[in-house]
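Participant: Submitted below is the structure of interest, expressed as structure tokens.
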Amino acid sequence: MNTKRAAITDVAAAAGVSRSTVSNYLNHPDVLSASTRDRIARAIAELHFVPSDAARKISSGDTGTIGYIAFEFTNPFSGVIADAIERRALETGRTILIANSAGSTRRQLEYLDLFERKRVSGIIIATLEELEPRLEEMKRRGMPAVISGRRSSSDLIASVAADDATGGYLAARHLFDIGRRRIAFVGGPFSVKQVSERFDGASRAVGETAGATLTAVRADERSMDAGFAAGVELATSGSALPDGVFAVNDLVGLGVVRGLVSCGVEVPRDVAVIGFDGDDISAVAAIPLSTISVPGDLVGETAVDLLLDELGVPGGAFPTRQRIVEPTLVVRPSTVGDAAPIAPPSASGAVGRSKTSAS
């Protein structure tokens, strides 16, 4: 039994027409005569031909599939964004292929190659690396991309990211507002733009506060284990214990709390700790973590919308937008003890969930 799937060339031969005529039958049947349509229909039925929707979409330049390269799924915040990207893609009638680079530049580049070979319509990538030159090359070949989680350094590549500097400011400002003055920033590496901008925002709050200091404690991995090690280091180094900690993300913040408590330090009486991202896990910890919350659902939805904007313009060559999502302060017992969460203080730069700037 011959199980070979019939191709469009087989249909053309059986109907006595050209391949392009069969293509017209599948995509623009109104341009063909009734007799030609009948011949092609009979050939399709006899050969049990199944048209390839993917092939037709590839020929039109739009496969209906989006490729998403996540940075790391060990962070719950990444899962929130991925879920929002998939949900928004499905709402717009598209499918999504998801890959996890696990923070590896090599894997990011390999997945970019793979998705381009698979002819996805476009790519969303969460990256800490400066991949803009590579993404510009792909765009010139007809493969648009959007950076998620970091503002693009190129006007040709769209992006959606949190206002990390404002978030850092809000975190430090909250610690100062509750009376803390010796702040340690736990995170790294500072070559990562998001890390440096969060530190810079905290530094701005220091400059506004008499007697305030800010020191950096390196934690290059954004994990609970790295935070735990930093918390133990702070508690046992012999140096003066800070009275506040701003952790680069919630996982690090939760680790810092665990490390401090394991050494007999009370949180928040001795040290108040605040994180960044707004992970659900931070709200249900033994000591719920105050945090700078970023709406991950909005980040994911916006990334898809930006990509669809690019796909809607012939050739993909138009001034793209850089979307900035505003973070908010969420106060929990890691900074205010057993008191009920309080309303966040107003701060310059927090003007809503998102804002757009033309590139």
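The values are calculated or read from the model by the stated rules, or taken from the named source; none is laboratory data. Here the structure is a predicted model, which is why all the values come from computation and not from measurement. Glycine gets a Cβ as well: all are built from the backbone with ideal geometry, and neighbour counts include every protein chain shown. These accessible areas exclude ligands, DNA and RNA; they are computed on the full protein's heavy atoms, side chains included. Shrake-Rupley method; radii C 1.70, N 1.55, O 1.52, S 1.80 Å.
Participant: Being open to solvent by 60 Å² or more (accessible area, probe 1.4 Å) and over 22 Å from G255 (Cα atoms) is the filter here, so list the residues in region 194-232 that pass it.
Facilitator: Residues satisfying the conditions are D200, R204, G207, E208, A210, G211, T213.
Participant: Check every one of the helices (runs of 4 or more DSSP H) wholly within region 59-168 and list those with 3 or more residues that are touching a helix residue (DSSP H, G or I) at 6+ places or on another chain (Cβ under 7 Å) and over 28 Å from D279 (Cβ atoms). It would help to see each step written out before you state the result.
Facilitator: Working: elements: 76-91, 105-117, 132-140.
Those helices (runs of 4 or more DSSP H) span 132-140.
Participant: So the check is Cβ under 8 Å with 6+ separation or different chains; which pairs have a first residue in region 292-315 that's farther than 11 Å from I124 by Cα and among the β-branched types (V, I, T) and a second one that's open to solvent by 30 Å² or more (accessible area, probe 1.4 Å) and modelled with pLDDT of 95 or more?
Facilitator: I292/T328; I292/V330
Participant: Here's a check for you: in region 212-224, which residue that is more than 18 Å from L170 (Cα to Cα) and part of a loop (DSSP other than H, G, I, E, B) is farthest from the chain's Cα centre (by Cα)?
Facilitator: Among those that are more than 18 Å from L170 (Cα to Cα) and part of a loop (DSSP other than H, G, I, E, B), it is A219.
Participant: Just for region 173-193: of the residues that are among the aromatic types (F, W, Y) and surrounded by 18 or more Cβ atoms within 10 Å (Cβ to Cβ), which one is farthest from L251 (Cα to Cα)?
Facilitator: Here the answer is F176.
Participant: Within region 278-294, how many residues are within 22 Å of V195 (Cα to Cα), out of contact with any strand residue (DSSP E or B) (no Cβ under 6 Å at 6 or more places or on another chain) and open to solvent by 10 Å² or more (accessible area, probe 1.4 Å)?
Facilitator: Summing the residues that are within 22 Å of V195 (Cα to Cα), out of contact with any strand residue (DSSP E or B) (no Cβ under 6 Å at 6 or more places or on another chain) and open to solvent by 10 Å² or more (accessible area, probe 1.4 Å) in region 278-294 gives 2.
Yes/no per residue for (1) touching a Ser or Thr at 6+ places or on another chain (Cβ under 6 Å); (2) under 24 Å from D83 (Cβ atoms); (3) at pLDDT below 95; (4) crowded, with 23+ Cβ neighbours inside 10 Å:
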site	(1), (2), (3), (4)
K118	no, yes, yes, no
V146	no, yes, no, yes
R150	no, yes, yes, yes
D155	yes, no, yes, no
S159	yes, yes, no, yes
G168	no, no, no, yes
A171	no, no, no, yes
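Participant: So which of A126, A82 is open to solvent by less than 60 Å² (accessible area, probe 1.4 Å), out of contact with any Ser or Thr (no Cβ under 9 Å at 6 or more places or on another chain) and under 23 Å from R222 (Cβ atoms)?
Facilitator: After applying the criteria, what remains is A82.
Participant: Still on this structure: Could you please find all residues in region 286-313 being farther than 30 Å from G255 by Cβ and of a type in the set (A, V, I, L, M)?
Facilitator: Listed by number, the residues that qualify are V304, L306, L307, L308, L311, V313.
Participant: Could you tell me which residue of region 304-352 is modelled with the highest pLDDT, considering only residues that are open to solvent by 60 Å² or more (accessible area, probe 1.4 Å) and not in a loop (DSSP other than H, G, I, E, B)?
Facilitator: Among those residues, the one meeting the criterion is T328.
Participant: Further, regarding this structure: Scanning region 180-195 for residues that are small (G, A, S) and modelled with pLDDT under 95, which turns out nearest to Y169 (Cα to Cα)?
Facilitator: Here the residue is G188.
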